[in-house]
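Quick note: the coordinates plus some simple rules give every number you see, no bench work behind them. Every value quoted in this text rests on a predicted model; they were computed, and no experiment measured them. A quick note on method: Cβ atoms are made from the backbone with ideal geometry, for glycine too, and the neighbour counts reach across all protein chains shown.
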Amino acid sequence: MLELSDIHTYYGESHVLQGVSLGVRRGEVVAILGRNGAGKTTLIRSVIGFTPPRRGAVRFKDEDITRWPPYRAVERGMALVPQGRRVFPSLSVVENLSVAQRDGGRFTLARVLELFPRLAERAKSRAGRLSGGEQQMLAIGRALMTNPELLLMDEPTEGLAPLIVREVGRIIAELKREGLSILLVEQNLPMALSVADTVHVLSRGQIVHSGAPSALMANEDVKSRYLGV
């Protein structure tokens, strides 16, 4: 579904990602973990096309999309849940969802509201009046309305209460059961390990550990050195 091959991404002369390679298979959840400043958001930006790599390749569904603008990646079947939610505050919940709708897929307005009962209750409310957790649900729902094959999620539990973190984990698990591929950038270790098939730990722009969630959970050195656990 997605393959990154030795990508190097810069901000000006700052060399942020330094030779990152990884893949996401169909129906797989791959989690990217690491401290602040490790390069996790830059990785997402490199995939979607906001900050294309200067070297290396990004392949999506067997096509090289390294230099594609973001809208072409979305048309190809990729969707982003951005860090910080970035909903349209003056639009209602339903309007936020409808503006992203692409017909012909399983994620209709009715299906998304079924996934997020709280959004169904607040359907006519302006997004700017929602709680942080409700806005995060709306951001996820808006991405699903494009009917993607690959969902990029950048820190979806950031700043959320534990109860809402569990709800986000439930949604990711449900999407995984439905066969959606997900690249998840996350700092909440327990949530990430509960849903991921494969975990990569990023430090200073390089992958320093890869493996199954159980292997990371058992590796106290990696957790202490790179995750502060």
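Would the range 199-216 turn up any residue that is in contact with a Pro (Cβ under 9 Å, 6 or more places away or on another chain) and under 23 Å from MET78 (Cβ atoms)? Write out each step before concluding.
Initially, the range 199-216 is screened for residues in contact with a Pro (Cβ under 9 Å, 6 or more places away or on another chain), giving 199.
Imposing the further condition that a residue be under 23 Å from MET78 (Cβ atoms) reduces the set to 199.
Yes.
Please state which one of ARG54, ARG59, ARG67 is surrounded by fewer than 17 Cβ atoms within 10 Å (Cβ to Cβ), under 18 Å from the mean Cα position of the chain (by Cα) and of a type outside the set (A, V, I, L, M). Just a single option satisfies the conditions, and that option is ARG59.
Whether any residue in the range 177-198 is assigned to a strand (DSSP E or B), in contact with a Phe, Trp or Tyr (Cβ under 6 Å, 6 or more places away or on another chain) and within 30 Å of ALA218 (Cα to Cα) is what I want to check.
Taking the range 177-198 as the starting set, the residues that turn out to be assigned to a strand (DSSP E or B) are 181-185, 198.
When the remaining residues are screened for being in contact with a Phe, Trp or Tyr (Cβ under 6 Å, 6 or more places away or on another chain), the result is none.
The answer is no, given that none of the residues of the range 177-198 is assigned to a strand (DSSP E or B), in contact with a Phe, Trp or Tyr (Cβ under 6 Å, 6 or more places away or on another chain) and within 30 Å of ALA218 (Cα to Cα).
The one condition from (1) of a type outside the set (Asp, Glu); (2) surrounded by 15 or more Cβ atoms within 10 Å (Cβ to Cβ); (3) more than 20 Å from the chain's Cα centre (by Cα) that LEU151 does not meet is (3). Taking the criterion of being closer than 19 Å to GLU167 by Cα and of a type in the set (S, T, N, Q), the residues of the range 103-138 that qualify are SER131, GLN135, GLN136. Scan the range 165-173 and tell me whether some residue there is assigned to a helix (DSSP H, G or I) and under 22 Å from VAL74 (Cα atoms). Within the range 165-173, one or more residues are assigned to a helix (DSSP H, G or I) and under 22 Å from VAL74 (Cα atoms).
In summary, helices (runs of 4 or more DSSP H) completely within the range 73-126 and bearing 1 or more residues that are among the basic types (Lys, Arg) and in contact with an Asp or Glu (Cβ under 8 Å, 6 or more places away or on another chain) occur at 117-121. All of (1) more than 20 Å from the chain's Cα centre (by Cα); (2) of a type in the set (Lys, Arg); (3) farther than 18 Å from ARG170 by Cβ hold for ARG118 with one exception: (3). Count of the range 127-148 residues, restricted to those that are surrounded by 15 or more Cβ atoms within 10 Å (Cβ to Cβ), in a helix (DSSP H, G or I) and not acidic (Asp, Glu), is 12. Among the residues making up the range 202-223, those that are surrounded by 14 or more Cβ atoms within 10 Å (Cβ to Cβ) and not in a strand (DSSP E or B) are ARG204, GLY205, PRO213, LEU216, MET217, ASN219, VAL222, LYS223.
Taken together, the residues in the range 73-112 that are within 20 Å of the chain's Cα centre (by Cα) and surrounded by 19 or more Cβ atoms within 10 Å (Cβ to Cβ) amount to 13. Sub-7 Å Cβ pairs linking a first residue in the range 37-62 that is free of Cβ contacts under 8 Å to residues at least 24 places away in the same chain to a second residue that is outside any strand (DSSP E or B), at least 6 apart or interchain, are PHE50/PRO70, ordered by first then second residue.
Name the one entry in ARG106, ARG85, ARG55 that is more than 21 Å from GLY169 (Cα to Cα) and of a type in the set (Lys, Arg).
Working: ARG106 fails: more than 21 Å from GLY169 (Cα to Cα); ARG85 fails: more than 21 Å from GLY169 (Cα to Cα).
Criteria check complete, one pass: ARG55.
Among the residues making up the range 10-51, those that are over 14 Å from the mean Cα position of the chain (by Cα), crowded, with 23+ Cβ neighbours inside 10 Å and in a strand (DSSP E or B) are LEU17, VAL20.
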